[in-house]
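Presented below is the structure to which this report refers.
The values are calculated or read from the model by the stated rules, or taken from the named source; none is laboratory data. Bear in mind the structure is a predicted one, so any value in this text is a computation, not a measurement. Please note: Cβ atoms are built from the backbone with ideal geometry, for glycine as well, and neighbour counts cover all protein chains shown. Ligands, DNA and RNA are excluded from the accessible area calculation, which covers all protein heavy atoms including side chains. Shrake-Rupley method; radii C 1.70, N 1.55, O 1.52, S 1.80 Å.
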Amino acid sequence: MMTSQKQGKLICVGTGLRMAGQLTPIARSYIETADVVIAAVPNIFARKWLQDISKEYICLLGHYSACDEEGKNRRDTYRNMADTILAEVRAGKTVCAAFYGHPGIFACISHMAIADARAEGFHAEMLPGISAEDCLVADLGIDPGRTGMQSMETTQFMIYERKIDPTALLILWQPGLAGELSLKRFDTTPAKLQVLVDKLARDYPLDHPVILYEAATHPLEQTRMDTILLRDLPKASLQQITTLVIPAAFPLKLDQAIIDELNALPETMEISEQAA
Ligand SMILES: C[S@@+](CC[C@H](N)C(=O)[O-])C[C@H]1O[C@@H](n2cnc3c(N)ncnc32)[C@H](O)[C@@H]1O
């Protein structure tokens with residue numbers, strides 16, 4: 001049976017964090033062949049390169065100024081960006097929406113645009129990219145499998161009741177916006193960072209070493225990997241691209257009751273269980 005798919009198609013791709021070498025071949029192919037590339041890529045060199053290799057280029061960054069308008073915040077900005085993408089899909093074009101890092105990690109615009117496009121009967125898909133988390137695993141030499149990993153947005157961690165496991169790695173995204181509740185500003189303050197430290201101190205000692213991580217975004221930049229004590233976080237300089245990495249503070253503790261339960265089980269399935 002033939003299914004009718006509307007003309008117009010959306011592919012969301014990630015450019016990686018470092019322009020040279022972190023773009024997958026399939027993402028590059030969509031950027032080069034799509035009717036239009038729509039992007040929210042902050043790095044000026046990456047932007048220029050995308051413009052050069054695409055047929056038509058629409059930059060979404062201008063939408064951020066809407067945050068300055070009375071009654072508007074980041075959520076309105078993201079909605080407007082998704083609407084701009086959808087308008088091109090509705091016009092029947094093959095649209096490649098490009099975001100830095102992975103297009104679906106802490107990037108709600110791509111998720112909104114894909115959901116809207118599919119709801120309207122268009123083909124829409126996301127291709128994975130190299131995220132900040134992927135880069136920090138490589139740069140810091142941390143294997144998330146060793147202790148397990150918790151990964152969340154800093155302000156979300158602050159304003160919701162979360163159960164943190166200090167025997168596992170914790171990654172906090174956007175600490176440079178810690179406690180920014182107006183959704184209009186793109187910074188934080190030492191006082192807000194102190195609130196973050198106080199909350200983390202429920203689970204971690206104040207002299208626990210934490211890492212401020214900023215992956216280099218082009219070959220001439222140095223990657224920042226500054227280890228500081230948790231208590232010194234309010235004095236630290238944090239950027240919009242900083243990620244806060246909090247290694248495990250305590251060793252894993254065996255759950256002896258579960259181990260005993262497992263040891264009491266037969267090594268293989270009983271005949272009656274196999275037959276069932
Ligand atoms: C809106 S999220 C975008 C994440 C991006 N989509 C990705 O896949 O990595 C922004 C946050 O990602 C992290 N981030 C972005 N660029 C980074 C970089 N160069 N180094 C380290 N972390 C970065 C920071 O936590 C920053 O606040």
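Highest mobility in the GNM of the chain, judged by mean-square fluctuation with C-alpha springs under 10 Å and restricted to Glu161, Glu133, Glu88, is found for Glu161. Sketch the reach of a paramagnetic label on Ile26 as a point 7 Å from Cα along Cα-to-Cβ, and name the residues of the range 98-126 whose backbone nitrogen lies under 13 Å away. Those under the cut-off are 125-126.
With all pairs of separate Cα atoms included, the range 9-130 yields a Kirkwood hydrodynamic radius of 14.2 Å.
Sorting 123-131, 241-249 by average packing, meaning the other beta carbons within 10 Å per residue, from highest down gives 241-249, 123-131. In a fully extended conformation the segment linking Ile58 and Asp83 would gain 7.7 nm over its present Cα-Cα distance, using 0.36 nm per residue.
Of all aspartates and glutamates in the structure, those lying under 12 Å Cα to Cα from Lys93, and not within fewer than 8 positions of it along the same chain, are Asp35, Glu56. Rg/Rh for the range 197-276: what does it come to with C-alpha atoms and Rh from Kirkwood? With Rh from the inverse mean 1/r over Cα pairs, Rg/Rh is 1.34. Computed extension gain for Asn263 through Asp139, at 0.36 nm per residue and net of the alpha carbon distance, reaches 40.7 nm. Accessible area per residue was computed with a 1.4 Å probe on protein heavy atoms; Tyr57 scores about 40 Å².
Treating r as the C-beta distance of Glu120 and Phe250 and R0 as 45 Å, the FRET efficiency rounds to 0.35.
Protection proxy ranking of 141-149, 197-205, by the mean of other Cβ atoms within 10 Å over each peptide's residues and highest first, is 197-205, 141-149. For the range 127-276, the gyration tensor built on C-alpha atoms gives a prolate shape. Its axis ratio a/c (a ≥ b ≥ c) is at least 1.5, and a/b is the larger of a/b and b/c.
For the chain, the Cβ-based charge dipole about the Cα centre amounts to some 980 debye (Lys, Arg positive; Asp, Glu negative; other atoms uncharged).
Treating each Cα of the chain as one equal point scatterer and applying the Debye formula with no solvent, the log10 of I(q)/I(0) at q = 0.10, 0.12, 0.14 Å⁻¹ comes out as -0.65, -0.85, -1.04. Summarising the label geometry, the points placed 7 Å from Cα in the beta-carbon direction at Arg231 and Asp207 lie 0.8 nm from one another.
Gyration tensor over the Cα atoms of the range 182-240: the corresponding equivalent ellipsoid has semi-axes (square roots of 5 times the eigenvalues, largest first) of 23, 17, 8 Å.
Short-range pairs are left out: with C-alpha atoms under 8 Å and at least six residues apart, the relative contact order of the chain is 19 percent. Within the listed set Asn73, Asn263, Asn43, the residue fluctuating most in the Gaussian network model of the chain (springs between alpha-carbon atoms under 10 angstrom) is Asn263.
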